[in-house]
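Accompanying notes for the structure given below.
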Amino acid sequence: MKIDRLIGILSILLQRERITASELAEEFEVARRTIDRDVEDLNRAGIPVAAQRGKGGGLYIMDGYTLDKTLLNRTDMLAILTGLKSLDSVEGTNKYRQLMNKLSSDGGKETDSMIIDLSMWSKDAIAPKIELIRTAIEKSETICFEYISPEGTTLREIEPYRIIYQWSSWYVWGWCKTRENYRMFRLSRIVDAKPTGNVFESRTIPEYSCDKLRHTKGGLSVTVRFDKSVKWRLADDFGAENITESRDELIHTFNWSDTSSLFSYILTFGDKAEIISPKKLRQEFVCFAEKILKIYK
């Protein structure tokens, strides 16, 4: 599209001292005369693009132009390109790489110093869901799907508003017609998602906030003794600066949202974790473990 090319040309001119029309034509795979017309359009739009002939010459934005060239300096641009590059890791395409080529004077070659891979083991299943949800958001169309949760499998219809990547997983956030409230759904638990054809009127939605440590915000306080061999796990979950060492063991007190998920978390440590207090919670965990043991007897 022409507007995309104009934005790309302007971005390159903001980053480079000079670039020839021939180089731009090659970059955007168009004829030289097309670039000439684009430059005329930029000038008509109030952006003074000048040309210097001879060796070392080329197109440039005239000095004194009121647009601050540091609006998108090289550091800013590389940060943007790194983010764009990470999106290709989700979809397994080069769509965002192509956008990088339009935005960057060097095609984003210098972004390799930082790699963000947002893909998952189930990338082949997640990518189509992301595309379906993104299309539904653009069309203001509800989607329906089966959702697998700890409470069982339910049929949901939602008004999708946000696609979110956090807690190392992909989610869709929107208004759930079943619960009549905003809900977050993990894409890996969504089955048979499809658009309904029902167009909804967008709501005045609340600002989304990411609860990064959702398990530490609960009202359930517990003190656990961990073996030092799992220190790396605690660093991942709570941050290395929050770990308290005591001789040959780690004693850590933290909050959790509910008993069931806490017990599941403790079990992932096998014999490397022991609930110390509160005493009532320790006893409940013993009963929980005994039920598991009965299955194997």
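Per-residue packing, averaged as other Cβ atoms within 10 Å, sorts the ranges 8-14, 28-34, 262-268, 182-188 into the order 8-14, 182-188, 262-268, 28-34, beginning with the highest. Once you have a ≥ b ≥ c as the square roots of the Cα gyration tensor eigenvalues for segment 123-199, tell me rounded if a/c is under 1.5, and otherwise prolate or oblate according to whether a/b is larger than b/c. Judged from the Cα gyration tensor, segment 123-199 comes out rounded (a/c under 1.5). Structure shown: which of LYS228/LYS291; LYS272/LYS294; LYS231/LYS297; LYS231/LYS294; LYS231/LYS291; LYS139/LYS194 lie over 25 Å apart, alpha-carbon to alpha-carbon? Violating the 25 Å Cα-Cα cut-off are LYS228/LYS291; LYS231/LYS297; LYS231/LYS294; LYS231/LYS291. Placing a pseudo-label 7 Å from each Cα along the Cα-to-Cβ vector at GLU245 and LYS228 gives an inter-label distance of 0.6 nm.
Amide hydrogen proximity for LEU220: with H placed 1.01 Å from N in the peptide plane, the residues at 5 or more positions away or on another chain lying under 5 Å are TRP256. Determine, from the Cβ-Cβ distance of LEU6 and ASP192 and an R0 of 45 Å, the FRET efficiency 1/(1 + (r/R0)^6), rounded to the nearest 0.05. E between LEU6 and ASP192, to the nearest 0.05, is 0.60.
None of the figures in this text is laboratory data; all of them are computed from the coordinates on show. What you are looking at is a predicted structure, and each value in this text was computed from that prediction instead of being measured. Positions of Cβ are generated from backbone atoms using ideal geometry, with glycine treated the same way; all protein chains shown enter the neighbour counts.
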